[in-house]
Every structure is written in C-alpha cells, then in structure tokens.
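Okay, so here's the structure we're looking at.
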Amino acid sequence: MSRRAFRASILHFLRDPHELPHARVSESYAYFEDGLLVVEDGLVTDVGEYAEHAPALGDTPVVDYRGRLIVPGFLDCHVHYPQTGMIGSYGEELLSWLATYTYPAERAFADLDHARAVAELFLTELLRNGTTTALVFATVHAVSAQALFEKALTLNMRLISGKVLMDRNAPAYLCDTPETAYAESKALIEEWHGRGRLLYAVTPRFAGSSSPEQLRVAKRLLNEHPDCWLHTHVAENKSEVAWIQELYAHECAPGTSYLGVYDHFGLMTQRSVFAHGVQLDDADFELVAKRRSAVAFCPTSNLFLGSGLFRYRRAREIDIKLGLATDVGGGTSFSQLQSLNEAYKIVKLQGDKLSALEAFHLATLGSAEALELDDKVGSFRDGNEADFVVLDPNATPLLRFRMANARGIEEQLFVFMTLGDDRAIEATYLAGERAHAR
Ligand code: GUN
Ligand code: ZN
C-alpha cells in the first residue's frame with residue numbers, strides 16, 4: 001500500500017453553488033486554508049485541516065505545497081487532439097474553417113506514427129494546463145484513436161475518446177461507411193473501453209457529415225454497449241443549423257430542430273455530450289434536460305469562430321448538465337483557466353455575471369457530472385481518483401502583485417481565472433502521481 005499526503009490550501013466542490021441561495025453559497029464547497037489531502041493507492045482517503053489530520057499521519061510522507069492552492073484536476077469536455085497543429089487558423093467561420101483547415105489537417109492521422117507523435121504532444125499539453133480528464137475527438141481513422149488510447153494508458157489518464165464517424169459531405173479521404181464505422185468502432189470498444197482508466201465514446205462528427213444510415217449505426221453501437229458515451233457537435237453556427245434542417249427535412253418530422261435530429265435517431269442518452277449548443281432554444285435545452293444529456297460550453301472556440309454567445313444563464317435556469325470545454329483547435333487555448341476567462345466575458349456580454357465559485361465548479365465537479373464521471377473524478381470525495389493540480393498564486397510578477405490584493409478565496413479564484421494560464425500550473429497529479437511539474 002502506498003500512502004502520501006499533500007499540504008496546501010485546498011478547495012473542492014461538494015455541490016453546485018448555483019443551486020443555493022446566495023447566503024448559503026459557502027455550503028457548496030470545502031476550503032481548507034492550511035489543508036491536507038491524503039492519498040492511498042491513487043485514491044483520495046481524506047481531506048481536511050492540516051492540524052486536525054497531522055496527528056494521525058504517523059510516518060506518511062507529506063509533500064509540502066504551502067502557499068499554493070490544490071484543486072481537483074480540470075476536465076475538458078470537448079477537444080480535438082488532431083487539431084493541435086492547426087490551432088489559431090485565420091479568418092473563417094465553422095463550415096469554411098472545416099473545409100479550409102480542419103479536414104486537410106486530419107488527413108495525416110491515417111498514419112499511426114504521426115498520430116502517436118501528436119497524441120503525445122496533446123496529452124502533455126493537457127497536463128501542462130492542469131487538465132486531467134478529457135472527452136476527445138480523434139479522426140475518422142481507427143489508428144488515430146488507437147494512438148491516443150495507447151499514450152493515455154501509459155500516463156494512466158482518465159480519458160474518453162473514439163474514432164470519428166463521417167460518411168458524407170466531407171472529402172473522400174476522410175469518409176468511412178456505415179459498415180466500416182460499425183466494425184472499426186466495435187473493435188476499438190472491445191480493445192479499449194474500460195482498459196486502465198480509458199472509456200469509449202461513439203463519435204459521429206455531426207449530423208452534417210453522417211448519413212441517416214450511419215446515425216442508425218451509432219445507435220446500434222450504443223444499444224450493444226450502453227455504458228459507452230455519445231459525443232458529437234450540435235447547433236454551433238447559424239448557417240450550420242439552417243443546413244442541417246434542410247438536410248434532414250425528409251427524414252424527420254417538419255419543424256424538427258438540429259438537436260431533435262439526434263433525438264430522432266435515439267442518440268440522446270444520459271451519456272451523450274453535445275458540443276457548443278450556441279443556437280439551441282429553450283425547447284432544445286428542455287429536451288437536453290429531459291434526456292439527461294449534457295452540453296459542452298466552448299467559450300474560446302465560440303468567440304474565435306464567431307459562432308455566438310452561449311446562453312449560459314438560460315441553460316443553468318433550465319438546469320441542463322453543463323460541462324466546460326476548450327474545443328481546440330476551434331478553441332484557442334488548452335487552459336481551462338482561459339476558458340473561464342472567456343466564459344466570464346460571454347456571460348457579461350449578456351448582462352449577467354459568472355462568479356468564480358460557479359466557474360471553478362463548472363471546470364471541476366460540474367464537468368465531471370456532465371461526463372457522468374463524478375463518482376471517479378472532479379472532487380476530493382472519499383474514494384475518488386486523486387487527480388489534482390497545484391495552482392501557484394505567484395506564478396508571474398503580475399499574478400503575485402494582484403494576488404496580494406485579493407481578499408479571500410473567491411477573489412483569488414477570480415484572479416486565477418482572469419490572469420492564469422499554463423504558467424499558474426505548478427504541478428499536475430494523476431492518481432496521486434506527479435505527471436507534470438512546471
Ligand atoms: N462541427 C463539426 N466538426 C467540427 C469540428 O471539428 N470543430 C468544431 N468546432 N465544430 C465542428
Ligand atoms: Zn469540436
């Protein structure tokens with residue numbers, strides 16, 4: 001048995017601050033200014049005040065991170081590893097961006113060696129940014145998923161991914177068929193789902209690039225493997241929405257929304273994650289809530305591609321499961337601190353505020369709930385996997401100067417999400433083992 005403890009300021013969430021009246025918001029989290037996190041065999045066994053736990057430590061080694069803040073590792077609920085090399089591609093909106101930059105970049109992932117090299121760089125980048133769990137798009141090529149799973153297994157990361165299904169409206173070099181999509185996904189599920197901390201997501205790219213036959217194949221895979229995830233895009237961009245509605249006008253009942261197309265094919269499950277949802281209306285949000293599916297909010301991507309402002313407050317009012325995502329390479333940063341920075345501005349532009357508590361909940365426990373992984377990661381609940389980050393309030397001269405004026409943990413968190421990025425991540429731990437040190 002290996003047992004270790006970490007001494008630092010420690011914060012994690014117990015529930016959603018948004019559910020509580022303002023006066024009781026402090027019940028949503030536990031904060032220990034001089035705290036101790038105890039880890040045994042990769043799992044959290046205790047968290048609390050240092051003074052309270054110190055007497056029982058015996059000869060347990062203690063890693064001293066005093067002056068820093070430990071929080072659960074961030075989750076990235078939607079990201080494309082094959083787009084790492086084309087992040088920051090200029091000038092286009094979604095559909096022309098896909099055709100101009102994205103599809104050509106994904107072509108190279110037919111080659112296993114290329115996929116392995118990018119997978120390694122990508123996972124390193126997640127860890128450098130304090131992201132310990134991600135729901136990840138590969139490409140249409142089965143070897144692209146294989147390469148990512150191999151590397152994540154070596155790192156012992158909790159990660160969900162899958163081969164992309166796409167059989168139309170894309171270059172021939174990126175298209176599979178309903179039959180190959182089924183056979184290749186099935187083989188990958190059998191090889192990878194549940195191996196180490198890896199999990200599988202059936203991944204139709206979006207309704208625009210899968211035929212109705214292929215969406216039926218996706219449903220068949222979910223029926224045969226009900227503990228797998230469904231991961232796709234929805235209602236990101238206005239022209240995309242108009243195009244999808246036209247594309248499915250004969251297949252679905254008149255007036256079916258873009259999201260409704262997925263529902264028509266039975267693809268809205270409790271483990272379905274829909275990226276973006278910028279153009280979803282209230283009826284769509286209600287359908288997401290009813291099916292207990294989740295939406296991944298992608299702030300930097302929605303701004304960069306000019307997709308629009310996600311209706312964050314409405315989504316919270318309707319109480320849908322909501323995760324936070326970078327959507328790299330549509331998104332412009334691997335840092336979930338930077339996603340929160342932009343999320344704050346998206347909410348502000350709609351006349352509202354995103355509190356630091358709501359924000360850090362969203363990046364940790366909220367995203368874990370959106371991915372149905374909160375019994376494993378996202379908080380320091382007893383028995384959870386000990387994935388965490390060490391945030392350094394003195395990481396840069398400006399952070400140090402500004403933090404000196406921060407009164408209390410809420411303001412510190414707000415400064416981290418406004419000024420912080422990979423530089424603020426002093427260390428990242430996976431299952432109690434250090435996986436990144438700045
Ligand atoms: N919709 C379909 N494919 C993609 C993609 O690769 N990125 C984004 N942001 N939206 C998409
Ligand atoms: Zn995406």
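Across region 171-179, a minimum of one residue is classified as outside any loop (DSSP other than H, G, I, E, B), touching a strand residue (DSSP E or B) at 6+ places or on another chain (Cβ under 9 Å), farther than 30 Å from Asp281 by Cβ and not aromatic (Phe, Trp, Tyr). Exactly one residue among Thr428, Thr364, Thr418 is in contact (Cβ under 8 Å) with a residue 12 or more places away in the chain, in a strand (DSSP E or B) and polar (S, T, N, Q), and that residue is Thr428.
The single condition among (1) in contact (Cβ under 8 Å) with a residue 60 or more places away in the chain; (2) surrounded by 24 or more Cβ atoms within 10 Å (Cβ to Cβ) that Arg197 does not satisfy is (2). Within region 228-251, the set of residues being more than 11 Å from ligand 1 (Cβ to nearest atom), of a type in the set (A, V, I, L, M, F, W, C) and open to solvent by less than 10 Å² (accessible area, probe 1.4 Å) comprises Cys228, Trp229, Leu230. The helices (runs of 4 or more DSSP H) found entirely in region 222-321 that carry 1 or more residues being more than 24 Å from Tyr344 (Cβ to Cβ), touching a residue at least 60 places away in the same chain (Cβ under 8 Å) and hydroxyl-bearing (Ser, Thr, Tyr) are 238-247. For region 195-204, the criterion of being aromatic (Phe, Trp, Tyr) and closer than 25 Å to Leu373 by Cβ is met by at least one residue. Filtering region 147-167 to residues that are part of a helix (DSSP H, G or I), more than 16 Å from ligand 1 (Cβ to nearest atom), in contact with a Phe, Trp or Tyr (Cβ under 9 Å, 6 or more places away or on another chain) and open to solvent by less than 30 Å² (accessible area, probe 1.4 Å) leaves Ala147, Phe149.
Only one residue in Ala207, Ala170, Ala187 is within 16 Å of ligand 2 (Cβ to nearest atom), open to solvent by 20 Å² or more (accessible area, probe 1.4 Å) and more than 20 Å from the chain's Cα centre (by Cα), so which one is that? Step by step, each of Ala207, Ala170, Ala187 is checked, and only Ala170 is within 16 Å of ligand 2 (Cβ to nearest atom), open to solvent by 20 Å² or more (accessible area, probe 1.4 Å) and more than 20 Å from the chain's Cα centre (by Cα).
Look at (1) more than 16 Å from ligand 2 (Cβ to nearest atom); (2) crowded, with 21+ Cβ neighbours inside 10 Å; (3) among the polar types (S, T, N, Q) and you find that Ser144 fails only one, number (1). Total residues in region 210-245 satisfying the condition of being among the acidic types (Asp, Glu) and either in contact with a Cys (Cβ under 8 Å, 6 or more places away or on another chain) or farther than 17 Å from Arg271 by Cβ (or both): the figure is 3. Applying the condition of being within 21 Å of Thr124 (Cβ to Cβ) and small (Gly, Ala, Ser) to region 302-341 and asking which residue is most open to solvent (accessible area, probe 1.4 Å) yields Ser333.
Of the listed requirements (1) surrounded by fewer than 24 Cβ atoms within 10 Å (Cβ to Cβ); (2) more than 30 Å from Arg3 (Cβ to Cβ), Tyr81 misses just one: (1). With respect to Gln214, determine if the residue is more than 30 Å from Lys376 (Cα to Cα), in a helix (DSSP H, G or I) and open to solvent by 10 Å² or more (accessible area, probe 1.4 Å). Taking the combined requirement at face value, the residue does not satisfy it.
The values are calculated or read from the model by the stated rules, or taken from the named source; none is laboratory data. Given the structure is predicted, the values throughout are model-derived calculations rather than measurements. As a convention, Cβ positions derive from the backbone with ideal geometry for all residues, glycine included, and neighbour counts pool all protein chains shown. These area figures cover heavy atoms from the full protein model, side chains too; ligands, DNA and RNA do not enter into them. Shrake-Rupley method; radii C 1.70, N 1.55, O 1.52, S 1.80 Å.
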